[in-house]
Amino acid sequence: MKALITGGSSDMAKAMVEKLLKEGHQVAVTASNVDSANEVKKHYSKDVSVFVLNLHENDNLNSELTSYLAGCDYLILNAATKVKKLKRFHHIDKGEIRDSLEADVVGNTTLIQLALPHMIKRKFGRIVFISSIAANIGSSRYGLYCLTKNAMEGLIYNLAVDFGRYNVLSNILRPGLMQTSRTERFWGKEGYIENVSKVIPQGKMGQPAEIASALTSLLAEDCYINGQAINVSGGMPLVSRYL
Ligand SMILES: NC(=O)c1ccc[n+]([C@@H]2O[C@H](COP(=O)([O-])OP(=O)(O)OC[C@H]3O[C@@H](n4cnc5c(N)ncnc54)[C@H](OP(=O)(O)O)[C@@H]3O)[C@@H](O)[C@H]2O)c1
């Protein structure tokens, strides 16, 4: 099968690519600019194609990426813009709101619209949106993140309803507290891992490979999961105890 995973530089994408390559799939990833694409290429073997995709610029998508999407069986929407600064919602200006909607909603929907008609025609497709448990528990000062993740989740439910009968299955994975380079600023602090591990029912932070492991069941040919959101979070938002 042919897969596209957006945000190829992220630790979770790296784990998902590794898993899919091991299973014998053809895999491509995206990077938000040429410099990042060059870095990303160094990480992967030559078998992995790297396309430049800036989610903010959706009108002129690279033609190679467009044609790859036409033949894509697995579309894994993993890229997300950075939350630069945590803010209370009334301190976020309209420009930031528009930027975030343009990238994290319009950007992702552009990719779906390019892949979907071909999946329907082939009667096979797997669309997986990487959301976050943070978006479903209203995490403080993450207003825009909650807004765009939930907008995409809503669309995924609609796609599941409209296209499930064409064997185009759409699902959501919601990572919990993951130990990735994005979150190192938190777990790098002394005592953080120990403290959050007391709260997470499984007693540990998540690892990128655990996202990859959850992904494979959603891609299987005999998958009977459609329109579901799966928390890959060691049990969160349930908590073992309050700190
Ligand atoms: N880490 C966690 O604990 C955690 C928890 C819950 C959910 N998640 C979700 O899991 C996914 C991966 O997270 P991560 O922590 O591995 O992320 P990360 O390391 O910060 O990576 C984010 C990815 O998004 C890409 N990206 C950012 N802005 C972009 C743009 N304008 N256009 C195209 N691509 C862009 C980046 O590409 P470049 O590097 O090329 O710029 C990068 O590959 C995200 O959707 C995130 O919301 C993460």
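The values are calculated or read from the model by the stated rules, or taken from the named source; none is laboratory data. Because the structure is predicted, anything quoted here is derived from the model rather than measured. In this analysis, Cβ positions are derived from the backbone assuming ideal geometry, glycine residues included, and neighbour counts consider all displayed protein chains. Areas reflect the complete protein model, heavy atoms only, side chains present, ligands, DNA and RNA absent. Shrake-Rupley method; radii C 1.70, N 1.55, O 1.52, S 1.80 Å.
Across the range 1-111, the volume of the C-alpha convex hull divided among the residues equals 108 Å³ per residue. The residues of the chain have, on average, 52 Å² of accessible surface per residue, using a 1.4 Å probe with all protein chains present. Considering only Leu4, Ala31, Leu21, and ranking their Cα positions along the charge dipole of the range 1-75 that arises from unit charges at the beta-carbon of Lys, Arg, Asp and Glu, the one farthest toward the positive end is Leu21.
Listed by chain and number, the aspartates and glutamates placed with their C-alpha closer than 15 angstrom to that of Lys123 are Asp73, Asp162, Glu221, Asp222; residues fewer than eight positions away on the same chain are left out.
The spacing between the range 70-87 and the range 97-136, judged by their C-alpha centroids, is 8 Å. Report, ordered by chain and residue number, the lysines lying within cross-link reach of Lys42, taken as a straight Cα distance under 27 Å and ignoring same-chain residues fewer than 8 apart. Partners found: Lys2, Lys14, Lys19, Lys22, Lys82, Lys84.
Where does the charge balance sit around Asp104 when Lys and Arg score +1, Asp and Glu -1, over other residues with C-beta under 13 Å from its C-beta? Net local charge, Asp104 excluded: -1.
Within the straight-line cut-off of under 18 Å between alpha carbons, the aspartates and glutamates reachable from Lys85 are Asp93, Glu96, Asp99, Asp104, Glu184, sequence neighbours fewer than 8 places apart in one chain being disregarded.
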